[in-house]
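Structure in structure tokens, see below.
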2 protein chains.
Amino acid sequence: MADTDVQNGAESAAKVRTLADLARIAGVSAGTVSRALAGNSLVNTKTREKIEAIAREHGFRPNQMASKLRRQKTGVIGVAIPLGHDVRQQISDTFFMTLLGYLADELTEKGYDLMLRRVIPAQDEDWLDRFIGSGMVDGVIVIGQSDQFERIEDVADGYLPMVVWGNHQEGQRHCVVGSNNRLGGKLAAERLIASGAKSLAFLGDTQPIEFAARYAGAKEVAAKMGVAIRPLPTHLSPERTGEEIAKHLREIEGKVDGIFAATDTIAVTCLKELRERGMEVPGQIKIVGFDDLPISSQTMPPLTTVRQDIAAGAKGLVDLLLRRLEGEDTESLVLPPHLVLRETA
Amino acid sequence: MADTDVQNGAESAAKVRTLADLARIAGVSAGTVSRALAGNSLVNTKTREKIEAIAREHGFRPNQMASKLRRQKTGVIGVAIPLGHDVRQQISDTFFMTLLGYLADELTEKGYDLMLRRVIPAQDEDWLDRFIGSGMVDGVIVIGQSDQFERIEDVADGYLPMVVWGNHQEGQRHCVVGSNNRLGGKLAAERLIASGAKSLAFLGDTQPIEFAARYAGAKEVAAKMGVAIRPLPTHLSPERTGEEIAKHLREIEGKVDGIFAATDTIAVTCLKELRERGMEVPGQIKIVGFDDLPISSQTMPPLTTVRQDIAAGAKGLVDLLLRRLEGEDTESLVLPPHLVLRETA
DNA sequence: CAGCAAATTGCAAACGATTGCAATTGTGCG
DNA sequence: CGCACAATTGCAATCGTTTGCAATTTGCTG
């Protein structure tokens with residue numbers, strides 16, 4: 001006791017950086033301190049309380065690196081956002097960012113930390129292996145397949161704890177969570193046609209696999225109903241897209257009366273361009289978007305769109321990943337999108 | 001050589017998990033492998049190439065935990081988002097998320113990883129100390145002071161490598177990067193008055209320190225010009241805000257002809273409510289927002305707003321943090337906001 | 001009070017990479 | 001041919017925690 005006090009006086013709030021330091025002050029061994037701080041072990045209640053008190057007093061926190069090294073797990077989940085097509089855009093893409101927010105929530109709740117990594121595959125062939133092999137993460141969530149489908153497939157064979165947000169394809173080997181994009185495309189086309197459109201256009205890049213599926217769904221419905229549909233490629237970010245869309249609109253004027261936008265962001269920009277050209281929505285031309293972002297209910301008129309349930313997606317990603325961390329080889333999870341009927345179609 | 005081949009044949013692509021494994025195959029010591037892989041050291045070029053080849057062949061990556069433990073630095077910057085007032089909102093707040101995207105870029109470029117942590121201070125008193133003391137990050141960036149100004153101040157005294165996005169206040173002790181909110185508020189109010197408004201309102205919560213400063217700036221200008229201004233508190237998220245704003249609008253109808261919204265998000269919602277009530281913008285009532293989000297140029301009519309340069313903010317945060325990691329006690333960085341003249345005022 | 005089981009605690013070996021210092025090999029030159 | 005010196009490489013300690021096993025203490029029972 002006296003000894004403790006002396007030490008206290010001498011080093012006071014000085015430096016208790018290691019278990020050993022704390023152990024010396026408490027007059028026990030490092031092992032005991034470790035167990036005490038771990039909480040649940042077999043240390044005497046009295047000893048534990050004493051140790052906890054000292055730890056609190058000195059603001060001691062065990063070194064995570066050492067801990068992680070020893071127990072061979074990090075408590076960190078890596079979240080990678082591959083930026084395949086449209087480099088600057090995707091990271092600020094509202095949808096992905098919102099998903100990221102929910103992911104942070106879910107992971108925090110399960111006691112994991114989140115390590116975020118933007119990746120430009122074109123500049124770094126090896127991104128996924130590097131992330132996984134870094135030893136810094138227990139598992140990986142990839143947000144968006146971008147144009148990296150093959151690379152992800154390759155890795156999936158040898159690495160269980162990985163889940164991907166994106167599109168599901170028959171027979172694929174990596175575990176994916178995502179909306180049924182094809183179905184979403186169908187819903188959109190059906191709605192456009194039901195509200196009177198006679199000739200459709202898909203506004204957006206059809207390269208990314210998710211968009212391709214949306215377009216395919218719409219095309220299927222269009223074909224069945226005997227309606228034409230054409231793709232009108234654009235980029236994603238409003239700044240660059242405005243002009244592109246305006247150009248498309250000039251060309252299709254009078255030939256198209258129903259637009260399915262690959263994304264709400266695109267739909268909103270389109271809506272604005274239409275209004276500037278004096279086209280009435282939904283009178284002369286109808287629009288359906290995809291995502292149901294917060295803005296979409298704030299446009300004038302409010303946007304009819306296909307809703308993806310972001311919160312459910314995040315929860316799915318985390319649940320599946322945790323099960324994979326336990327060794328289970330989980331199936332993919334495909335979420336049903338829902339048509340949100342507002343006023344543009 | 002023969003020995004190497006045998007081992008190769010036996011364990012082949014098997015398990016080269018540690019430096020020691022690799023060293024055995026290469027017929028050197030672990031230390032040499034470490035130096036070789038580190039690249040720049042004093043190993044014989046030939047030896048290094050051989051080691052690199054083997055490493056590549058086996059897809060070997062050194063264990064980061066061990067490395068970090070040994071060198072006592074992690075190469076990771078923690079990014080904390082404290083959710084003080086409006087829990088669910090902030091994380092999906094477009095502004096913060098965009099900032100986060102740019103931060104990820106900047107940090108990646110400088111060779112750091114980013115560890116994201118959402119924090120609910122009300123549930124976790126100790127969040128900042130925990131994050132810092134965890135030993136998992138070399139430095140911390142806090143996005144938004146929320147209602148945690150005091151706690152951040154406390155920590156700043158004893159912890160250099162921390163930079164905060166937020167509002168700068170005379171004499172504060174923590175290093176902050178942010179827009180000059182007061183000036184922004186002035187710009188907004190000046191514009192509203194210049195375009196003919198006779199009675200102003202500030203739409204948004206005045207508790208958060210950034211918003212308080214914006215309001216203060218506007219109030220100063222209003223006072224000088226002999227114009228009234230009143231605060232109209234709201235939450236941030238569109239879902240909950242719509243009704244609040246509608247209620248405010250009902251009450252101020254005819255009494256206010258210039259609205260300064262704390263945020264573009266709020267401004268956009270307000271714009272919609274106004275239009276639904278049949279008010280003409282900017283004819284009957286003028287609006288100025290804050291942030292200049294991508295949506296803001298897409299509204300109808302396009303929103304006049306005060307622009308914060310997010311990219312510059314991110315760059316500033318990272319630059320200052322890196323200098324602090326070197327031991328420099330940097331000053332805060334206050335960025336000038338700019339009025340973006342569009343059509344709502 | 002001996003004797004044994006249960007409850008605590010200490011010891012020391014991991015975890016895997018880094019790095020100062022010493023040992024070895026190789027080179028050039030007298 | 002031998003020596004000084006430079007270029008490489010090996011050795012072993014270290015980072016701080018965790019954890020199996022052994023040692024010690026405590027508590028009970030006959």
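For segment B:235-302, what is the accessible area per residue in Å², given a 1.4 Å probe and the full set of protein chains?
Values: 2420 Å² over 68 residues.
So segment B:235-302 comes to 36 Å² accessible per residue, rounded to a whole number.
On to the next question. Suppose a student asked you for the relative contact order of segment A:134-279, using Cα pairs under 8 Å spaced at least 6 residues apart; what percent would you report? Let's see the in-between values first.
Details: 217 pairs, mean separation 30.9, N = 146.
Result for segment A:134-279 is 21 percent.
Let me ask you something else. For a test of the definition: using alpha carbon positions, the gyration tensor, and the 1.5 limit on a/c, classify segment A:181-307 as rounded, prolate or oblate. Mind showing how you got there, number by number?
On the way: a/c = 1.31, a/b = 1.17, b/c = 1.12.
Taking the square roots of the gyration eigenvalues as a ≥ b ≥ c, segment A:181-307 is rounded.
What are the distances, in nm and sorted shortest first, from the label point of residue A:75 to the label points of the same position in each other copy, with each label point placed 7 Å from Cα along the Cα-to-Cβ direction?
2.2
Now, a different point. What is the distance, in nm, between label points placed 7 Å from the Cα along the Cα-to-Cβ direction at residue A:154 and at residue A:223?
3.3
Relative to the other copies, what are the label-point distances for residue B:44, with labels 7 Å from Cα along the C-beta vector, expressed in nm at one decimal and sorted shortest first?
Copy-to-copy label distances for residue B:44: 6.0 nm.
Before I look further, what does segment B:99-142 give for accessible area per residue, probe 1.4 Å, in whole square angstrom?
Numbers: 1460 Å² over 44 residues.
Each residue of segment B:99-142 exposes 33 Å² on average to a 1.4 Å probe.
Which order do B:28, B:163 take when ranked by solvent-accessible area (1.4 Å probe, heavy atoms of all protein chains), largest first?
Values: B:28 50, B:163 0 Å².
From most exposed to least exposed: B:28, B:163.
Could you work out what % of the accessible surface of segment A:35-155 is carbon and sulfur, using a 1.4 angstrom probe and leaving DNA, RNA and ligands out of the count?
Working: 2260 of 5170 Å².
On segment A:35-155, the fraction of accessible area on carbon and sulfur atoms equals 44 percent.
With θ taken as phi - 60° and the coefficients 6.51, -1.76 and 1.60, list the Karplus ³J(HN,Hα) couplings across segment B:217-222 in order, rounded to whole Hz; mark glycine and proline as x.
Calculated HN-Hα couplings, in order: x, 5, 5, 4, 5, 4 Hz.
Give the shape of the protein assembly as shown as rounded, prolate or oblate, defined through the alpha-carbon gyration tensor: a ≥ b ≥ c are the square roots of its eigenvalues, a/c under 1.5 means rounded, and otherwise the shape is prolate if a/b is larger than b/c and oblate if not. Working shown, then result.
Numbers: a/c = 2.26, a/b = 1.32, b/c = 1.72.
Here the protein assembly as shown falls in the oblate category.
Sort out for me the Cα centre separation of segment A:256-323 from segment A:123-182, rounded to whole Å.
Value for the Cα centre distance between the two parts: 26 Å.
Which of the trypsin sites (Lys or Arg not before Pro) found in segment B:244-296 are loop residues per DSSP with 16 or fewer other Cβ atoms within 10 Å of their Cβ?
Values: sites: B:247, B:250, B:255, B:272, B:275, B:277, B:286; in loops: B:255, B:277.
Hits after loop and neighbour filter: B:255, B:277.
Put a dot 7 Å past each Cα toward the Cβ at residue B:312 and residue B:341; how far apart are the dots in nm?
1.9
May I pose another question? Loop by DSSP (not H, G, I, E, B), at most 15 other beta-carbon atoms within 10 Å: where is the longest site-free stretch of chain B for GluC sites (Glu not before Pro)?
Numbers: sites that count: B:125, B:170, B:253, B:280, B:326, B:328, B:331, B:343.
Here the longest segment lacking exposed loop sites spans B:1-124.
A follow-up question, please. How much of the accessible area of segment A:234-294, probe 1.4 Å, is carbon plus sulfur, in whole percent?
Details: 1060 of 2240 Å².
Percent of accessible area from carbon and sulfur atoms in segment A:234-294: 47.
Based on Cβ point charges of +1 for Lys and Arg and -1 for Asp and Glu, what charge dipole magnitude is obtained for chain A about its Cα centre, in debye rounded to the nearest 20? Don't skip to the end; give the middle numbers.
Working: 41 positive and 47 negative charges, 93 e Å.
Here chain A has a charge dipole of around 440 debye.
Over chain B, with a Gaussian network built from C-alpha contacts below 10 Å, which listed residue (B:271, B:325, B:100) shows the highest mean-square fluctuation?
Answer for the Gaussian network model of chain B: B:325.
Do any residues of segment B:117-142 lose at least 10 Å² of accessible area when the full set of protein chains is present rather than just their chain alone, and if so which, with a 1.4 Å probe?
B:117, B:118, B:126, B:129, B:130, B:133, B:134, B:135, B:136
Between copies, how far apart are the residue B:195 label points? List them in nm, one decimal, shortest first, with each point 7 Å from Cα toward Cβ, please?
Relative to the other copies, residue B:195 has label-point distances of 2.9 nm.
So for chain B, averaging the separation of alpha carbon pairs under 8 Å that are six or more residues apart and normalising by length, what relative contact order in percent results?
Computed value for chain B: 16 percent relative contact order.
Can I ask one more? Return the long-range amide H neighbours of residue A:113 (sequence gap of 5 or more, or a different chain), with a cut-off of under 5 Å between placed amide H atoms.
Those qualifying (amide H under 5 Å, at least 5 residues apart or on another chain) are A:76, A:77.
What is the magnitude of the charge dipole of segment B:181-307 about its Cα centre, with +1 placed on the Cβ of each Lys and Arg, -1 on the Cβ of each Asp and Glu, and no other charges, expressed in debye to the nearest 20? Show your work: numbers first, answer last.
Numbers: 17 positive and 16 negative charges, 84 e Å.
So the magnitude is around 400 debye.
Counting protein heavy atoms only and a 1.4 angstrom probe, how many square angstrom of accessible surface do chains B and A bury in total, to the nearest 100? Display every interim value, and only then the final one.
Values: alone 16800 and 16800 Å², together 29450 Å².
Chain pair B/A: roughly 4200 Å² of buried accessible area.
Could you please point out the chain B residue with its Cβ nearest to the axis of the rotation taking chain B onto chain A, and the distance in whole angstrom?
B:97, 2
Related question: If eta is 1.002 mPa s and T is 20 °C, what Stokes-Einstein diffusion coefficient results for chain A, Kirkwood Rh from Cα pairs, in µm²/s?
Stokes-Einstein gives a translational diffusion coefficient of 93 µm²/s.
Could you give the semi-axes, largest first, of the ellipsoid that matches segment A:279-345, computed as the square roots of 5 times the alpha carbon gyration tensor eigenvalues and rounded to whole Å? Working shown, then result.
On the way: eigenvalues 262, 22, 8 Å².
Gyration-tensor ellipsoid for segment A:279-345: 36, 10, 6 Å.
Using a Gaussian network model on chain A with a 10 Å cutoff between Cα atoms, which of A:174, A:58, A:235 fluctuates the most?
Highest fluctuation among the options: A:58.
Applying the Karplus parametrisation 6.51 cos²θ - 1.76 cosθ + 1.60 with θ = phi - 60° to the phi angles of segment B:95-100, what ³J(HN,Hα) value in whole Hz is obtained for each residue in order, glycine and proline being reported as x?
Each residue's phi maps through the Karplus curve to give 4, 4, 5, 5, 4, 4 Hz.
Can you tell me, using C-alpha contacts under 8 Å and at least 6 residues apart, the relative contact order of segment A:202-321 as a whole percent?
On the way: 143 pairs, mean separation 25.6, N = 120.
Across segment A:202-321, relative contact order equals 21 percent.
Now for a different question. Once you've got the GNM for chain A with C-alpha springs shorter than 10 Å, pick whichever of A:266, A:132, A:54 has the biggest mean-square fluctuation.
A:54
Give me a single rounded figure for A:294-305: the average over its residues of other chain Cβ atoms within 10 Å of their Cβ.
Values: counts 9, 11, 1, 5, 11, 6, 6, 1, 2, 0, 0, 0.
The per-residue average across the peptide is 4.
So, one more: If you count only protein heavy atoms and use a 1.4 Å probe, how large is the accessible surface of residue A:299, to the nearest 10 Å²?
20
The values are calculated or read from the model by the stated rules, or taken from the named source; none is laboratory data. Quick caveat: nothing in here was measured; it's all calculated off a predicted structure. FYI the Cβ positions are ideal-geometry reconstructions off the backbone, even for glycines, and counts take in every protein chain you see. Ligands, DNA and RNA are excluded from the accessible area calculation, which covers all protein heavy atoms including side chains. Shrake-Rupley method; radii C 1.70, N 1.55, O 1.52, S 1.80 Å.
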